[in-house]
1. If you check L160, L174, which single one turns out to be over 17 Å from V192 (Cα atoms), touching a residue at least 60 places away in the same chain (Cβ under 8 Å) and either under 12 Å from the mean Cα position of the chain (by Cα) or surrounded by 14 or more Cβ atoms within 10 Å (Cβ to Cβ) (or both)?
2. Restricting attention to the range 268-288, report how many residues are surrounded by 17 or more Cβ atoms within 10 Å (Cβ to Cβ) and not hydrophobic (A, V, I, L, M, F, W, C).
3. Would you check if there is a residue in the range 333-348 being part of a loop (DSSP other than H, G, I, E, B), modelled with pLDDT under 90 and within 22 Å of Y273 (Cβ to Cβ)?
4. Based on this model, can you work out whether Q240 counts as touching a residue at least 24 places away in the same chain (Cβ under 8 Å) and of a type outside the set (F, W, Y)?
5. Can you work out which of the residues in the range 97-109 that are crowded, with 19+ Cβ neighbours inside 10 Å and in contact with a Gly (Cβ under 8 Å, 6 or more places away or on another chain) is modelled with the lowest pLDDT?
6. Under the condition of being at pLDDT 50 or above and outside any strand (DSSP E or B), which residue from the range 1-49 is surrounded by the fewest Cβ atoms within 10 Å (Cβ to Cβ)?
7. More than 17 Å from S23 (Cα to Cα), assigned to a loop (DSSP other than H, G, I, E, B) and not polar (S, T, N, Q) - does that describe any residue in the range 95-115?
8. Just one of (1) under 16 Å from the mean Cα position of the chain (by Cα); (2) loosely packed, with under 14 Cβ neighbours inside 10 Å trips up A196, so point out which.
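The values are calculated or read from the model by the stated rules, or taken from the named source; none is laboratory data. These numbers come from a predicted model, not from an experiment. As a convention, Cβ positions derive from the backbone with ideal geometry for all residues, glycine included, and neighbour counts pool all protein chains shown. Only protein heavy atoms, including side chains, enter the accessible area calculation; ligands, DNA and RNA are left aside. Shrake-Rupley method; radii C 1.70, N 1.55, O 1.52, S 1.80 Å.
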Amino acid sequence: MGYVARAGAVLLSLVWSACQLSSPYRLETLALERIGWDTLAVKARFVVRKWPGRLQPVRPDSVQLLLLSARYDTLFWGTSTRIPVPDAMLGDQERLLLEVCGWFQGRSVCDQAGFSASPKRLQVAPEVQYPYQGTLSRLYYRLHPRLERQRYAAATWEPLAVAPLPQGYLRMQLVQDPQSALEWPIKAWEGVVELAELPTFPDFRYALSQQLRAGLVATMTVEVYAGGPQPVRIATLRHQLRAKTEAERKAEVARLAEAALVQLVEQLSGRSYPVWVRVESWSFNPLAMQYVVEISARWQEGGWLGPTCALRGILTAAEDGTQATFRWVEGNPAARQRWRRRVDEELLYLGTLREALSEAREDQHREGVVRGW
């Protein structure tokens, strides 16, 4: 309900109250009976004051009932005294307001009663992938919510089918440097966060880089806060990061080189052939997050009697296997002939090599490997 509608509801209540003061009619008793959490039965007894002061029961011309949430949103408006309560969408023990008005010859007599929604509890099982898509500035999260409410007139709990998005936020901080914390609001149960847009990200990244450059494992906690105007912590996840070892980078270079030469042979020879690949040298640029690999390769077309092609060149690829290119350096006549016929330029653009790296990726739910810092 918007501001104007809420103001109208309050004004209507004041008008009804003013009418009640000048009316001989009264709402003597207002009883609420809960029929489970999702239904409310209302019993209202109206009386009229007769001279000289006696009260007699009276039936109103009509009865209107208005049910409001804690934010003054209208949950029900009508004449039925058996009201449906959308309890599943309400907050934990959220306060509700029921207003009952009886109409007598065009004038109303009203009264109000308050009651609460069911006790509820929210549980989440957070999942985090960080770094995400090969960069420290992006994080993927999924909360896996489970909302429960206490069964009516029982001590046990039952699950609710849909969990409304709570008011809250996520907080990530380094155990080694709690001051460099990141916070972002919960806007969905699952999403990708652009950490670079958060004001404290430069401090966080600097503290994280210091740990990694020292060869240490960086331990972080990801905390979920939810519920009400002052959210409380409902879940904590520990996450570890470490820099890649030299052995891991060498293995990654070997996979990239093999995948690149498979594509290269298919483009030069028109089909795939077994290829022998040798990595002569390699380097990694942490600023560009890019591998530069010197490669020698040899393959034979059409069996033992076919021509043998041999070449040497420079493979350049982003750490995640994208933006791969191969630059010709030298080769034998057979390889040179095919290069000129198929490429006729110094640089050959290859497709993505991501699939070559996917099989070796570690389980980032437990431990993340920093790809470039």
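1. Numbers: L174 fails: touching a residue at least 60 places away in the same chain (Cβ under 8 Å).
Selected residue: L160, the only one of L160, L174 that is over 17 Å from V192 (Cα atoms), touching a residue at least 60 places away in the same chain (Cβ under 8 Å) and either under 12 Å from the mean Cα position of the chain (by Cα) or surrounded by 14 or more Cβ atoms within 10 Å (Cβ to Cβ) (or both).
2. Residues flagged as surrounded by 17 or more Cβ atoms within 10 Å (Cβ to Cβ) and not hydrophobic (A, V, I, L, M, F, W, C) within the range 268-288 amount to 2.
3. yes
4. On the way: touching a residue at least 24 places away in the same chain (Cβ under 8 Å): yes; of a type outside the set (F, W, Y): yes.
When the stated conditions are applied, Q240 passes them.
5. So in the range 97-109, the residues crowded, with 19+ Cβ neighbours inside 10 Å come out as 98-102, 108-109.
Adding the requirement that they be in contact with a Gly (Cβ under 8 Å, 6 or more places away or on another chain) leaves 98, 108-109.
Details: L98: 97, S108: 91, V109: 94.
Filtering the range 97-109 for residues that are crowded, with 19+ Cβ neighbours inside 10 Å and in contact with a Gly (Cβ under 8 Å, 6 or more places away or on another chain), the one modelled with the lowest pLDDT comes out as S108.
6. Narrowing the range 1-49 to residues at pLDDT 50 or above: 22-49.
Okay, now just the ones that are also outside any strand (DSSP E or B), so 22-24, 35-38.
Details: S22: 7, S23: 16, P24: 14, I35: 12, G36: 12, W37: 22, D38: 14.
Across the range 1-49, the extreme among qualifying residues is S22.
7. No, the range 95-115 contains no residue that is more than 17 Å from S23 (Cα to Cα), assigned to a loop (DSSP other than H, G, I, E, B) and not polar (S, T, N, Q).
8. (1)
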